[in-house]
Every structure is written in C-alpha cells, then in structure tokens.
1. Based on the mean of other Cβ atoms within 10 Å per residue, sort peptides 177-183, 104-110 so the most packed one is first.
2. Enumerate the amide H contacts of A40 below 5 Å, restricted to partners 5 or more residues apart or on another chain; note that Pro and chain-start residues carry no placed amide H.
3. So how much slack lies between R191 and K248, counting 0.36 nm per residue of separation and subtracting their Cα-Cα distance, in nm?
4. Hey, if we sort D172, D143 by accessible area with the 1.4 Å probe, largest down, what's the order?
5. Rounded to the nearest 5, what % of DSSP beta bridges with both residues in the chain are antiparallel?
6. Give me the lysines in straight-line cross-link reach of K30: C-alpha distance below 20 Å, same-chain residues under 8 apart excluded.
7. In the structure displayed, which of K248/K268; K131/K208; K142/K208; K162/K268; K35/K108; K210/K258 lie more than 21 Å apart, Cα to Cα?
8. Give me the number: length gained by fully extending I83 to D146, i.e. 0.36 nm times residue separation minus the C-alpha to C-alpha distance, one decimal in nm.
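The values are calculated or read from the model by the stated rules, or taken from the named source; none is laboratory data. Owing to the predicted nature of the structure, the values given are computational and were not obtained by experimental measurement. Positions of Cβ are backbone-derived with ideal geometry, glycine not excepted, and every protein chain shown enters the neighbour counts. When the accessible area is computed, the model is the full protein with side chains, heavy atoms only, and any ligands, DNA or RNA have been set aside. Shrake-Rupley method; radii C 1.70, N 1.55, O 1.52, S 1.80 Å.
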Amino acid sequence: MKTRILTTAVSMATLLSIAAGVPAFAADDKLNDLKEQGFARIAIANEPPYTAVGADGKVSGAAPDVARVIFQRLGVKEVVASISEYGAMIPGLQAGRHDAITAGLFMKPERCNAVAYSEPILCDAEAFAVKKGNPLKLTSYKDIADNTNAKIGAPGGGTEEKLALQAGVPRDRVIVVPDGQSGVKMLQDGRIDVYSLPVLSIHDLMDKAKDPNLEVVAPVVGAPVYCDGAAFRKQDVALRDAFDVELKKLKESGEFAKLIEPYGFSAKAAMSTTRDKQCTAAQ
Ligand code: 6CS
C-alpha cells in the first residue's frame with residue numbers, strides 16, 4: 001500500500017511539474033550543476049556584518065559564512081561572491097548571474113513573490129546615523145517626511161529607501177547611497193541629514209568611523225524587525241529545500257548560533273520565526 005501511495009505521489013509530482021512546464025528531473029539539476037561547477041555564485045552587498053569583502057578579497061560576513069557551510073554540506077565546495085546593489089540582486093538572480101543571494105536581503109511580500117527564500121537566517125531592526133544631538137529630532141521615517149528640509153541616505157532598492165518613500169518622504173529627499181563609507185561621508189559633509197541601514201550595519205560603520213560628531217538612533221520608531229533568508233530562483237525550489245534541510249540541522253545542532261552570534265546576530269530571533277510569517281507580515 002505504502003509503495004503504491006509513494007508511486008502515486010511521485011507520478012503526481014511529475015504530472016504537476018510537467019504541467020508547470022518544468023520537467024520533473026530538471027528541478028533537481030541545479031544542485032547537480034553546482035556540484036559539477038564546484039562553487040555557488042552568491043550575490044552580496046559588502047555591508048558588514050551581513051557581508052564583507054576584505055582587502056585580500058576574502059569574503060566573510062554572517063550570510064556568506066552560513067551559506068558556505070551549507071553549500072559544502074550539499075557537496076558544493078566553495079562560494080564565489082559578486083557585489084551588487086540590493087535593488088539589482090533579484091534581477092541578477094533571475095537573469096542567471098547568481099545562483100543565490102546571501103546578503104541580508106530582507107524578506108518582504110514583493111520579494112517573496114519573486115524568489116524562493118530559505119527559512120530565516122539574519123534578523124535585525126532599522127537604525128539612523130545622525131549628527132550628534134540629533135538636531136532635527138529624527139526618530140522615524142515619518143519624522144523625515146514631516147521635515148521638508150531633511151534628506152535621508154539609503155541603499156538603492158533597499159528596505160530603508162522603501163520605508164522612507166512609504167512614509168511620504170518625496171523622491172528628491174531620498175538619496176541613494178552606494179556603500180557605507182559614502183553614507184558616512186555624505187552625513188559628515190551635511191549632504192544628507194540621516195543615513196539609514198539595519199542596526200548592526202550602522203553600528204559597524206560608526207565603530208569604524210570613530211566620529212564623535214555622529215550618533216545612532218536605534219531602533220527606528222515604527223519600523224518592523226526584518227529577517228533575511230538565502231534567496232533562490234523560483235525554479236530552483238529543490239535547491240532551496242535542500243538548503244533548508246541543512247539550515248535546520250545547523251540550527252538544531254547549535255552550529256548556527258556559533259556562526260552568526262559572533263557577528264552580533266541572534267540565533268533565537270531567526271529560530272522564533274518562519275519564512276511564511278516573514279513573507280506575509282505587513283511591512
Ligand atoms: O534587505 C534590504 O533591503 C536591506 N538589507 C540589509 C542587510 N541592508 C540594507 C538593505 O536595504
């Protein structure tokens with residue numbers, strides 16, 4: 001009886017995948033392709049502690065470190081990173097330039113519709129870097145919208161840019177900032193009044209800037225806590241599922257906490273939520 005059910009189940013899966021235009025065997029090819037390729041091409045942003053590229057070209061950061069361990073357990077020896085703006089990551093994945101996005105790309109409904117996310121990995125709130133004393137008293141994206149002189153810097157296609165626009169900040173007061181160092185410089189030069197990134201990223205930048213004339217506002221009032229996951233193409237859901245099996249083992253063994261908590265992330269935060277919850281949360 002069991003074999004028959006299994007047989008029926010397999011033929012049903014085959015029928016469904018062929019109906020979806022994807023030959024059943026193709027779904028599992030991606031992992032085999034990566035094993036043969038010897039590496040997985042990952043998109044990163046170079047925004048520590050999520051992702052970082054050292055002067056020697058070495059890739060680190062919580063997201064690539066978790067991805068590297070998981071891909072190795074799946075039989076893919078290495079990860080090869082390319083730096084991308086957040087807003088270009090999903091188009092790059094869909095165009096086949098990346099095999100996965102492991103960059104702290106936060107789960108949001110529109111992104112969850114475009115990619116196949118793993119279960120949650122890195123969770124964080126949002127933050128502002130402002131001039132000492134927070135002269136414009138900016139503690140929320142709405143405060144920025146309400147102050148007609150205030151300009152915010154944020155990553156292109158990133159969550160903070162979207163939150164500012166959704167709060168009513170006009171497009172000409174939302175300045176796209178290519179990287180952390182540029183954001184700090186623009187704030188120091190007064191070209192922006194606030195630079196917004198996730199809390200851990202802003203703290204990393206401030207620790208390195210060592211500028212007594214800057215301070216951090218965290219968490220941003222009214223902004224959600226987000227979680228990322230590794231993101232795969234929709235048609236690579238079998239690879240995503242295999243990734244999730246190994247991620248679950250890492251979480252259960254305690255290795256997951258050992259990988260991400262030295263960077264300041266909370267394993268408990270990621271383990272207390274799910275992809276489904278993150279993808280359906282109103283944000
Ligand atoms: O997912 C995003 O859009 C945001 N994630 C991180 C880790 N940094 C900034 C970016 O906007």
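1. By packing density, highest mean first, the sequence is 104-110, 177-183.
2. E78, V79, V80
3. My answer for the length gained is 16.1 nm.
4. These residues rank, largest area first, as D172, D143.
5. The antiparallel proportion sits near 55 percent.
6. K77, K234
7. K142/K208; K162/K268; K35/K108; K210/K258
8. 19.3 nm
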